[in-house]
Each structure stands twice: as C-alpha cells, then as structure tokens.
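K.L.:
Just dropping this structure here.
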Amino acid sequence: MSSERCTVSRHSLTDTRIRPIRQSDSRAFSGFAAMAGHGMTTLPHDADALDRKIERSEASFAGRAQGAEAEYFMVMEEIGSGRLVGCAAVYPCIGSEFGFYSFRRLREHRRSKEFDRVAQSETLH
C-alpha cells in the first residue's frame, strides 16, 4: 500500500475534470479502495482486481469490450496538479448475463461499561 494519503476536499467544477481511468492511476485507485474499506464489493481492496478493472475500463473505452463485458471507470482529476480526488463507474449492462450485486459489509462493536460486555455485529447492506 502506498504511503500517499487520500483526502476529501471541496473543489469547484472549474478546478477538476472527469476522464477515463488509465493504468498510471493504479496507485491512487488503490487509495480510493482503501478509503472505501473492505466491505465495498465494487471497489475491492485487492491490487490485482483493481488492475483488471482498469484494463477492462481501457478496453471498454477503446471499444474492445462491449455489453456485459464493458465496465467504464472514470476519475476526477485536479487540473493544476493532476491529483486524483474521486472515482466513479458505469456498468452499461447490469444483470444481462449474470446478476449484479453491490454490497457493503459493516462491522460494529459496542461496549457496555455497566454490564462489562462487548457485543460485535456484522451486517450486509
């Protein structure tokens, strides 16, 4: 994992642009996945899976992947610095050949001082 920190900040639309993701964005893309956490199935915390998503996106924008094989990832980039500040995806044929599911797994820990107990729960959203 990179030591580069991802931060959330406000930008005016004139300071940023949205463009297709490219292989050179891999490091920042991994940072976004880390920010999303381990439960975001559409943005996995797995470098190989993220690289495959970038490859599929590049193929989709080039017209080499279509239909259910297409997956378009875009990034929001600061114009002056080139720093990536966000990402988004478009799946043009969800559910046509196989179902599409997007889940987030959340873990919660609660502690009661009064009863000296810790309760843990895991939910799927």
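The values are calculated or read from the model by the stated rules, or taken from the named source; none is laboratory data. Note that the structure is predicted; figures quoted are calculated from it, not measured. No Cβ is skipped: glycine too gets one built from the backbone with ideal geometry, and neighbour counts run over all protein chains shown. Areas reflect the complete protein model, heavy atoms only, side chains present, ligands, DNA and RNA absent. Shrake-Rupley method; radii C 1.70, N 1.55, O 1.52, S 1.80 Å.
K.L.:
Taking 0.36 nm per intervening residue step and subtracting the Cα-Cα distance, what contour gain separates CYS93 from ASP48 on full extension?
P.N.:
Between CYS93 and ASP48, full extension yields 13.9 nm more.
K.L.:
Additional query: Provide the FRET efficiency to the nearest 0.05 for the GLN23-THR123 pair, computing r from the beta carbons and using R0 = 41 Å.
P.N.:
For R0 = 41 Å, the calculated efficiency reads 0.70.
K.L.:
Considering only protein heavy atoms, with the full assembly of protein chains and a 1.4 angstrom probe, order ILE21, ILE79 by accessible area, largest first.
P.N.:
Listed by decreasing accessible area, they come as ILE79, ILE21.
K.L.:
Okay, moving on. Quick one: length gained pulling GLU108 to GLN66 fully straight, 0.36 nm per residue minus the C-alpha distance?
P.N.:
11.2 nm
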